[in-house]
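First the structure, in the form of structure tokens, and then the observations on it.
The values are calculated or read from the model by the stated rules, or taken from the named source; none is laboratory data. Keep in mind the model is a prediction, meaning the values are calculated, not measured. Reconstructed Cβ throughout: ideal geometry from the backbone, glycine too, with neighbour counts over all protein chains shown.
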């Protein structure tokens, strides 16, 4: 069967006793690439109730493990940081929807704390197979750090899953997948016009660009500028966690990302801990606190069609603006201050010993 065809998807859903018609899969198309379907296929062999329980258990386990790893970095404030991570609304939304983004963020986080390169590469490779738009930046970071064994392992996992997927998928899948992606990701046309919250569930820069420029080269140029500035700031950074924070904050801005994928901002927490004694610390945490509630969706439900004044414009885009401010702050610090930050991470008993940034030698003296 074609995993991207609405009619075939409806047959599969009905065989699992879900009363869904092809029309449902027209407005909710299948967008995952063949490697992701290979990894999901063992669940498809199980009864629906068993598969759902096992999937939820995986999401909860990886999320809990990630919270423990990150919280242990906040020496003396472990419980407070764990509470903040648990309060993060993208996690709630992701769990409520059974979103693979929860699994992917957990895999990336676990891979960053794993010192064994092949194990770290396996975790990163699995994440890239499921949601490459979340994992690609961290794969490039590993390449820039010359973690070749990690990169090769991740690439091998991706190629193997792709090969298996292409070997078993039916002919005619690619045009249908391309059509689904074009309709759902290519612009605002893929957002449900009958749902006033659908547009404001996005957190990428697309939501800040005037709709008159939708689909024009302007949007591509904006994304390119963010990518280039991020690459420049990462190269200048002398701290592993600062580089990771740059990528974590840039990732949801570029491409197509919904609210639940903002969970990737968890990986900016270590850098925020390094800056906790600086003047920008409260500002960074204030931007992070924006995500304790799904504010854009709530504002869209409340405002309805009353979107013509500046306050409504801000309310309907404040989550994206918060991510943009986080990214700009990390880029500014990494680019303008040629210093190795005092690493409270290295003083922690849970420090996994991440590699030093190898792009350039650290400065001789701290200004």
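Does residue 257 satisfy the condition of being closer than 27 Å to residue 109 by Cβ and either outside the structural domain of residue 331 (by TED's automatic domain parsing) or modelled with pLDDT under 90 (or both)? Considered against the rule, which asks whether it is closer than 27 Å to residue 109 by Cβ and either outside the structural domain of residue 331 (by TED's automatic domain parsing) or modelled with pLDDT under 90 (or both), residue 257 comes out as no. For region 42-51, residues that are surrounded by 14 or more Cβ atoms within 10 Å (Cβ to Cβ) and at pLDDT 90 or above total 2. Among the residues making up region 197-222, a single one is closer than 18 Å to residue 329 by Cα and surrounded by fewer than 18 Cβ atoms within 10 Å (Cβ to Cβ): 222.
Among the residues in region 66-79, are any within 30 Å of residue 170 (Cβ to Cβ) and outside the structural domain of residue 271 (by TED's automatic domain parsing)? The answer is no, given that none of the residues of region 66-79 is within 30 Å of residue 170 (Cβ to Cβ) and outside the structural domain of residue 271 (by TED's automatic domain parsing).
Within region 148-161, does at least one residue satisfy the condition of being in contact (Cβ under 8 Å) with a residue 24 or more places away in the chain and closer than 18 Å to residue 252 by Cα? Scanning region 148-161, I find no residue that is in contact (Cβ under 8 Å) with a residue 24 or more places away in the chain and closer than 18 Å to residue 252 by Cα, so the answer is no. Give the number of residues within region 298-318 that are surrounded by fewer than 20 Cβ atoms within 10 Å (Cβ to Cβ) and assigned to a helix (DSSP H, G or I). Count: 11. Scanning region 199-214 for residues being assigned to a loop (DSSP other than H, G, I, E, B) and modelled with pLDDT of 75 or more gives a total of 4.
Looking only at residues of region 1-41 that are under 14 Å from residue 168 (Cα atoms) and either exposed (fewer than 14 other Cβ atoms within 10 Å of the Cβ) or in contact with a strand residue (DSSP E or B) (Cβ under 9 Å, 6 or more places away or on another chain) (or both), we find that the one that is modelled with the lowest pLDDT is 1. Residues of region 248-258 being buried (at least 24 other Cβ atoms within 10 Å of the Cβ) and assigned to a helix (DSSP H, G or I), which ones? Answer for region 248-258, where residues must be buried (at least 24 other Cβ atoms within 10 Å of the Cβ) and assigned to a helix (DSSP H, G or I): 248, 249, 250, 251, 252.
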